[in-house]
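Visitor: Shown below is the structure under consideration.
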Amino acid sequence: MKIFSLITATILLIQPLSAQDQVEEPTPTNAELVTQAEAGNIEATQQLYTLHALAGETEQAKKWATLYEQQLTKKAEQGDAKAMMLLAGSYLNGRDYMPQDTAKAVTWFTKAAEKGQPSAAYILGEIFTQQGNLTESKQFYSRAWDEYNKLTAQLSSPLTEEQRNALYWQGYMQLMGIGTEKNPAAGIQKLKQADNEWAWRQLYRCYVKGIGVEQNLGKAIEYARQLADKADDGLMAWVTASAYLKGKGIEKDEVAGRKYLDKAAAANIAQAIHHKGTLLRDEGKSAEAYNCFNQAASMGLPEAMTEAAKLLLRGAEGVEKDEARALSMLQSAALRYESPHAAMELGLYYDSVGEPELANSWYKTASDRGVIEAMARRGLLHITPNSGLNWSPTQMYRWWKTGSNAGDETCSLYLNLFLFGFIPLVLILSFGVPILVVHLLNKKALKEEAESEQNNPSQDADK
């Protein structure tokens, strides 16, 4: 939570140096930017070093970043509080090709706090808390609280952005007991009053985790939906989509779920793209599904790698069979991302092409990672000669029992065949019918004893 609030503080309350950015103007050329930057336009200087950095022109980027630091420092030294904030933030995070320098960050945040910037005081409270200097942190948190109170003493109608931000921070500080007495109810009320993106985000967390309010997934989804609709938050669109598609916290709604799923996928949320691929696959749209899986796979999602590989292995309408690419994706998912299901798919593949040693190796990996479908095969390996695993009926029983307990029907079948087919057969062949009878009687006695204990727990306790 501390890391979240520090990041929020450095982003939310640092305003642009100039209001000119609010007006859309034609994008200037590099030559025009150079002229403006050399004339002292800080925004132009910042644009130049960013452009060179994106182009990989490090030396040029550093040149303009140095000028940006000089211009920003000059403006801060002239008493511009927002320039102080930007300069301090750059030193704190080590951005804009400026080396991280916490001491300089503290210096400029302190000057900004003295100018009445509440966010500067709050960030200083965070910094000193992380350094273990609780006396200083308490003083700066209190100063921040006082400055926020000044901003909300007389609220306008409608609220200004500055007032909404101040209400957000007051709510957060009351919720957590930072700089003021902890008062979750009052904190929640101020967050609702702030009614901005950061307040919705905090309220979503509160209702999900039950912080300051009773846990309520439905309320949480309302704020997630607001973030998706009004702030174009892709992750919250994915949260909303999942809720609608599963009917979790809100009434199930396939149409609304697909709408937010598309929104999340358009925002490049890998899990949403993968889920969209799953729905398309189930609808028989293999080519579209593969495109989704392939996109999510390129973003490092092992589940998507596995699904894309499965389509490539068998080939499908609109998807050309490509075993080499499929195996490469599965091995990447299994080895690099330790995907259990990719390991299972590799086991099935090598089994199908008659390479038992490789198959056995991947089945072992999959079962070790908890894939219950692999546990039936793992049990067989322990009683199969030359499987690469030690011969051990005990281990065989262990894996089948684990899989059976997890609900795998194959493991349950193998376990029953072993207990009530194989063992009685061995007893008959080894010792004859009397031993089998004893075995069955013992089984019956154990069952009756278990039923008796269940029906008469008090008698068992008395004994």
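The values are calculated or read from the model by the stated rules, or taken from the named source; none is laboratory data. Worth saying up front: this structure is predicted, and the values here are computed from it rather than measured. Note that each Cβ is placed from the backbone with ideal geometry, even for glycine, and that neighbours are counted across all protein chains shown. With ligands, DNA and RNA removed, areas are computed over all heavy atoms of the protein, side chains included. Shrake-Rupley method; radii C 1.70, N 1.55, O 1.52, S 1.80 Å.
Visitor: Does any residue of the range 261-277 turn out to be farther than 27 Å from THR306 by Cα, modelled with pLDDT of 95 or more and either surrounded by 18 or more Cβ atoms within 10 Å (Cβ to Cβ) or touching a helix residue (DSSP H, G or I) at 6+ places or on another chain (Cβ under 8 Å) (or both)?
Guide: Scanning the range 261-277, I find no residue that is farther than 27 Å from THR306 by Cα, modelled with pLDDT of 95 or more and either surrounded by 18 or more Cβ atoms within 10 Å (Cβ to Cβ) or touching a helix residue (DSSP H, G or I) at 6+ places or on another chain (Cβ under 8 Å) (or both), so the answer is no.
Visitor: From the list GLY249, GLY257, exactly one residue is within 20 Å of the chain's Cα centre (by Cα), buried (at least 16 other Cβ atoms within 10 Å of the Cβ) and modelled with pLDDT under 95. Which is it?
Guide: GLY249
Visitor: Next up: So, in the range 130-166, exactly how many residues are over 25 Å from GLU197 (Cβ atoms), of a type in the set (S, T, N, Q) and touching a Phe, Trp or Tyr at 6+ places or on another chain (Cβ under 9 Å)?
Guide: Going through the range 130-166 one residue at a time, the tally reaches 3.
Visitor: Is it the case that LEU358 is open to solvent by 60 Å² or more (accessible area, probe 1.4 Å), at pLDDT 85 or above and among the hydrophobic types (A, V, I, L, M, F, W, C)?
Guide: Yes: the conditions hold for LEU358.
Visitor: Surrounded by fewer than 20 Cβ atoms within 10 Å (Cβ to Cβ) and in a helix (DSSP H, G or I), is that true of GLU338?
Guide: No: the conditions fail for GLU338.
Visitor: On to the next question. Does GLU147 satisfy the criteria of being part of a loop (DSSP other than H, G, I, E, B), among the charged types (D, E, K, R) and over 30 Å from GLN271 (Cα atoms)?
Guide: Considered against the rule, which asks whether it is part of a loop (DSSP other than H, G, I, E, B), among the charged types (D, E, K, R) and over 30 Å from GLN271 (Cα atoms), GLU147 comes out as no.
Visitor: Of everything in the range 111-127 that's outside any loop (DSSP other than H, G, I, E, B) and open to solvent by 30 Å² or more (accessible area, probe 1.4 Å), which residue is nearest to GLN78 (Cα to Cα)?
Guide: LYS111
Visitor: Can you find, within the range 1-57, the residue that is modelled with the highest pLDDT among those that are of a type in the set (S, T, N, Q) and part of a loop (DSSP other than H, G, I, E, B)?
Guide: Ranking the qualifying residues of the range 1-57, first place goes to ASN41.
Visitor: I need the full set of residues from the range 165-187 which are surrounded by fewer than 21 Cβ atoms within 10 Å (Cβ to Cβ) and under 28 Å from the mean Cα position of the chain (by Cα), in order please.
Guide: MET176, GLY177, PRO184, listed by residue number.
Visitor: Something else about it: Please tell me if ALA83 is open to solvent by 10 Å² or more (accessible area, probe 1.4 Å) and either closer than 17 Å to GLU43 by Cα or modelled with pLDDT under 90 (or both).
Guide: When the stated conditions are applied, ALA83 does not pass them.
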